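Trainee: To start, I am sharing the structure in question, which I have written as structure tokens.
What follows is calculated from the coordinates using simple rules that are stated; it is not laboratory data. Treat the numbers as computed from the prediction; the structure is a model and nothing was measured. Reconstructed Cβ throughout: ideal geometry from the backbone, glycine too, with neighbour counts over all protein chains shown.
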Amino acid sequence: PRGGPTSCVDCGGPVHLHCSVEPYAWWARPSFRQRCTRCGRSWDFTMSGFLLALPVGRQFWKRHPRLRSLPVRDVEVAGVPSLVATLEDVTGPARLEVVCARDTLAVSSVHG
């Protein structure tokens, strides 16, 4: 699926998001590619990387430096195909869950 355009951090051109799941890859998790239609720059990332790039993810990582990511779950929120990504502290019960739209990664809720 393709998401709506965002802006390239280099040139400001439109960027499109593409989500794919490689079922035979060792991680078997959704991975994403953003590509600028103007300058051609592209970025590849996983949901764990996306979570750790969010301010709430960086705060959680700072408080809980020993983390693991759980498998990403597909859900539907108000009719929108969405993903639930989870990080948890390996030394205690702390957990962070972020729900975002599958096609755009727009965050709809944060728990934890």
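Trainee: Counting other Cβ atoms within 10 Å of each Cβ, which trypsin sites (Lys or Arg not before Pro) in region 35-112 have at most 14 and sit in a DSSP loop?
Mentor: Hits after loop and neighbour filter: 38, 41, 66.
Trainee: How high is the FRET efficiency from residue 66 to residue 38, r the C-beta distance, R0 35 Å, rounded to 0.05?
Mentor: Result of the calculation: an efficiency of 0.30.
Trainee: While we're on this one: Quote to one decimal, in nm, the extra length available between residue 108 and residue 58 on full extension: 0.36 nm per residue of separation minus the C-alpha distance between them.
Mentor: That works out to 16.2 nm of additional length.
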